[in-house]
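Below is one structure; the comments refer to it alone.
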Amino acid sequence: MGEVDPAFVQEPDHRPKLSHIEAEGIPIIDISPIINKTVKDPSAIEGLVKEIGTACKEWGFFQVINHGVPLKLRQKIEEASRKFFAQSLEDKKKVSRNQTNSSGYYDTEHTKNVRDWKEVFDYLVKEPTFLPATPDEHDHQVNQWTNQTPQYPPNFRVVIEEYIQEVEKLAYKLLELIALSLGLEAKRFEEFFIKDQTSTIRLNHYPSCSYPELALGVGRHKDPGALTILAQDEVGGLEVKRKADQEWIGVKPTPDAYIINVGDIIQVWSNDAYESVEHRVVVNSEKERFSIPFFFFPSHDSEIKPLEELINEKNPPKYRPYKWGKFIVNRKSSNFKKQNVENLQIYHYKLA
Ligand code: OGA
Ligand code: NI
């Protein structure tokens, strides 16, 4: 990827600035008090819960350290990702994503309807994963999805499965902290995930780009799920829209930390107390970049709506309920279609 194909050139309003602002402000939170322990006395983690709540409210983004995911496993998956993407396009295309399987490889240079400067490999966290066959609300057929496994590197499947196990534990811990910070029972959200979660893990590769002022690795967007747990490498490029002043702020890489962001589902559950924040990825003229997000998604039949405990006369529900499976299948199918069709968004469920 040397020259910029006109298809990748961003509208002037969305072009990245070359002078980056890096935030010291995005909180870095040490979550060791809840790792490898059952918390018997909630007052022992009061401070931590407060920090999480403030970060969710003020930023929608934070980084965690002492999170319990062994560095060794992360290094192994990062290495497998580098090896996979280093193959020829022809080899990578052996595990291409297609109309009937949303897991696998795709590159946006050869997928004209997506203008992001990246290539991707998607992998389902649960096998099989159950999702509605179509976005049509009257069609009740549910399909079973399985993964494609690259032949190279040979240990790919073992490495990704080992990594998933550990990140999933972290995901549940974070959900507990977020629930507590909203004044809910620690396990309030577990039921949505324990049976048939639809989570995916994604390997992202952003090649270097000679015109970083024209293209974006990922255009601005919000994540649709509950939480995203992102491992980024040392290159940097993720930018978050700061709530205080709407500026794009770079998230400075912190070795071995995970970047956590609140997704649309938590925004709806919390009735807008915690907002899902826009973010994007800028590209680098010299360095390629790798990242690995874990998208924590509930079961397809989960009904998403503001939680009863959080609404009352003064704070009536701001959203009408929607079914997660139909929502995400609608989103995925419009990603396959034209880029000018607007994706389904939570504000389409907003009540006046
Ligand atoms: C995403 C995303 C950020 C990154 O894939 O949704 O925001 O740094 N990725 O790769
Ligand atoms: Ni994202």
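The values are calculated or read from the model by the stated rules, or taken from the named source; none is laboratory data. Computed from a predicted model, the values in this text were never measured in an experiment. Each accessible area value is taken on the protein alone, full model and side chains, heavy atoms only, with ligands, DNA and RNA left out. Shrake-Rupley method; radii C 1.70, N 1.55, O 1.52, S 1.80 Å.
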| field | For the stretch 172-283, alpha-carbon Rg relative to the globular expectation (2.2 N^0.38 Å, N residues) | value | 1.18
| message | How large is the accessible surface of Ser302 in square angstrom, using a 1.4 angstrom probe and rounding to the nearest 10? | response | 10 Å²
| Taking springs between alpha-carbon atoms closer than 10 angstrom, which of Ala244, Ala55, Ala80 fluctuates most in the Gaussian network model of the chain? | Ala244
| field | Residue-averaged 222 nm ellipticity for the chain, from DSSP H runs of 4+ at -39500 (n - 2.57), nearest 500 | value | -7000 deg cm²/dmol
| Cross-link reach list, lysines versus Lys57, counting only Cα pairs under 18 Å and skipping chain neighbours closer than eight places | Lys222, Lys241, Lys243, Lys318
| note | For the chain, the percent of accessible surface on carbon and sulfur atoms (probe 1.4 angstrom, ligands and nucleic acids excluded) is 49 percent
| Kirkwood-type radius of the chain, with distances r between different C-alpha atoms, in Å | 20.9 Å
| remark: For Ser276, the accessible surface traced by a 1.4 Å probe with all protein chains present amounts, in square angstrom to the nearest 10, to 10 Å²
| message | Connecting C-alpha atoms closer than 10 Å in a GNM of the chain, tell me which of Ala215, Ala226, Ala44 has the biggest fluctuation. | response | Ala44
| query | Going from most exposed to least, what order do Asp272, Asp196 have by accessible area with a 1.4 Å probe? | reply | Asp196, Asp272
| said: If you build the convex hull over the alpha carbons only and average its shadow over all orientations, what do you get for the stretch 106-192? Give it in nm² to one decimal. | reply: 9.1 nm²
| request: Could you check which residue among Phe61, Phe85, Phe294 shows the biggest mean-square fluctuation in a GNM of the chain with a 10 Å Cα cutoff? | output: Phe85
| query | How large is the accessible surface per residue of the stretch 59-137, computed with a 1.4 Å probe and reported in Å² as a whole number? | reply | 44 Å²
